[in-house]
1. List the residues of the stretch 56-70 whose backbone N lies under 17 Å from a point placed 7 Å from the Cα of Leu93 along the Cα-to-Cβ direction.
2. Given only helices, namely DSSP H runs of n ≥ 4 each adding -39500 (n - 2.57), what is the per-residue ellipticity at 222 nm of the chain, to the nearest 500 deg cm²/dmol?
3. By how many degrees, 0 to 90 and rounded to 10, does the Cα axis of helix 94-111 deviate from the longest principal axis of the chain?
4. Normalising by the residue count of the chain, find the relative contact order in percent from Cα pairs under 8 Å and 6+ residues apart.
5. Separation of the stretch 94-109 and the stretch 41-55 by C-alpha centroid, Å?
6. Within the stretch 49-84, list the residues whose amide N lies under 16 Å from a label point set 7 Å along Cα→Cβ of Asp26.
7. With θ set to phi - 60° and the Karplus curve 6.51 cos²θ - 1.76 cosθ + 1.60, what are the ³J(HN,Hα) couplings of the stretch 58-63 in order, to the nearest whole Hz, using x for Gly and Pro?
8. Enumerate the amide H contacts of Ala29 below 5 Å, restricted to partners 5 or more residues apart or on another chain; note that Pro and chain-start residues carry no placed amide H.
Amino acid sequence: MVKAAGRRRGPRVPVALDVRWLEAPDPKAEIVDLSSLGCLLKTIVRPLADQAMEFELPLDGSLRLKGRVREIARDGTRTDEGFLVGLEFVDLLPADRRRLERFVRQQSNRDVRP
């Protein structure tokens, strides 16, 4: 396992978003939690530590994001040797960051129960 140094800088919300990892031989992946700063990605392809990744997120249309691998672990919930990948988003345009922040806020509000 490769672990990132330090703690997360922003709150994450649980999601289930299918994404397309643009450089992978098997491009299917799933984001299982998300913040405006990063995400946790499930994939069957093991990325390299500190690898740059680019993928498309289905968020109000399509949003292309770039991230850097900060953590890699085996996905114990899968039987096909999958991986959980912690990503930190990099090079986000301000408008794209606002779209992410708005989506995370909406998802966070959905999780609040009276």
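Taken together, the values in this text are just the output of simple stated rules run on the coordinates, not laboratory data. Keep in mind that what you see is a predicted model, and the values were worked out from it rather than measured. Cβ: placed from backbone, ideal geometry, glycine included. Neighbour counts: every protein chain shown.
1. Once the point is set 7 Å along Cα→Cβ of Leu93, 56-67 turn out to lie under 17 Å by backbone N, inside the stretch 56-70.
2. Per the formula, -5500 deg cm²/dmol.
3. 80
4. Once divided by the residue count of the chain, the mean separation gives 25 percent.
5. For the stretch 94-109 versus the stretch 41-55, the Cα centre distance is 23 Å.
6. So the set is 73-84.
7. x, 10, 6, x, 10, 10
8. Val19, Trp21
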